[in-house]
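The values are calculated or read from the model by the stated rules, or taken from the named source; none is laboratory data. Because the structure is predicted, anything quoted here is derived from the model rather than measured. Counting neighbours? That spans all protein chains shown, and the Cβs are built from the backbone with ideal geometry, glycine included. Just the protein is used for accessible areas: all its heavy atoms, side chains included, with ligands, DNA and RNA removed. Shrake-Rupley method; radii C 1.70, N 1.55, O 1.52, S 1.80 Å.
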Amino acid sequence: MNIKIYRSTNHEIHYLMSYIGGCMEVMSFIYLYKALIGFMTSNMVFGITSLVKFNFDFESVYHILIIVIWVLISAIHQVIEYKYISKIKSQWHVYAISLTLNCFLMITFILLGNYMIVNNLFLSHPTINVMPLVTIGLVFMYIQNFIIKNGGTKFPTSTSVVTSVYILMITKLCQSLLINKSKEKTNLKFESLHYFLVILHFFIGAFITAILNKYIGFYALVVPLVILIAFCVKIWSLHISQSS
């Protein structure tokens, strides 16, 4: 019974994190000057096109600065993992800690974002005032990506890099149609469905949040926050039951 619960939860990690990732990405695109806080390639492109204008103001280095912060977060994560990996007590322990951190980060992101709206701190161009909000979002999305990449299903999916998931979905579906072995065909169809559900959850999260944002601003993220908190409680309960 526990094995079934664990396997089901592994897939839930992918789908719920993709849903929440979609919510965060659309808010960052709307408010953080088209920055995608979980997808550094787009920031590289925006950064290069800004740099070649040779204005040498904050706006011209904004997207490049996002990449620099992301790299620093990655370096800090490697140090923390090296120092504390031996203290992990169950396979759910890392997820529980990561989800707890993200609960607090999302709450802070919502409150700070709403404060900036109320005080008209979002200008027509990026300024240094937006960097605390950007940094919080970057840490949140880094943890999101870490969680889903290590979700336990052994399928190469990631919260925000949905482009690769499209390719994987079509590849596995085509392979399932071409292969003759029934067991392998079933496995390939299941994997293709998994990738489809990852994309679908991301789309639903982004779509709903974009609609709610028109009416309640950053409070549109309260829906994914509630989901995140509920899932965090579930993971902590799994950790406690497994470690005991």
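The table below lists the values:
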item	result
Residue list for the range 178-200, filter: open to solvent by 50 Å² or more (accessible area, probe 1.4 Å) and under 22 Å from the mean Cα position of the chain (by Cα)	Leu193, Phe196, Leu200
Residue under evaluation Phe155, criteria (1) outside any loop (DSSP other than H, G, I, E, B); (2) of a type in the set (A, V, I, L, M, F, W, C); (3) at pLDDT below 90, criterion not met	(1)
Checking Val165 against (1) more than 17 Å from the chain's Cα centre (by Cα); (2) open to solvent by less than 60 Å² (accessible area, probe 1.4 Å), the condition it does not meet	(1)
Given (1) of a type in the set (A, V, I, L, M, F, W, C); (2) surrounded by 12 or more Cβ atoms within 10 Å (Cβ to Cβ); (3) within 25 Å of His125 (Cα to Cα), index of the condition Leu99 fails	(3)
Tally, over the range 219-233, of residues that are open to solvent by less than 30 Å² (accessible area, probe 1.4 Å) and either within 18 Å of Gly38 (Cα to Cα) or of a type in the set (Gly, Ala, Ser) (or both)	5
Among the residues listed as Gln175, Gln144, the single one being at pLDDT below 90, out of contact with any Cys (no Cβ under 7 Å at 6 or more places or on another chain) and crowded, with 20+ Cβ neighbours inside 10 Å	Gln144
Whichever residue in the range 177-212 is among the β-branched types (Val, Ile, Thr) and in a helix (DSSP H, G or I) and, among such residues, is farthest from Asn10 (Cα to Cα)	Ile211
Near pairs, Cβ below 7 angstrom, 6+ apart or cross-chain, from the range 188-207 (over 18 Å from Lys149 (Cα atoms)) to any residue that is open to solvent by less than 60 Å² (accessible area, probe 1.4 Å) and aliphatic (A, V, I, L, M)	Leu188/Ile179; Gly205/Ile20; Ala206/Val26
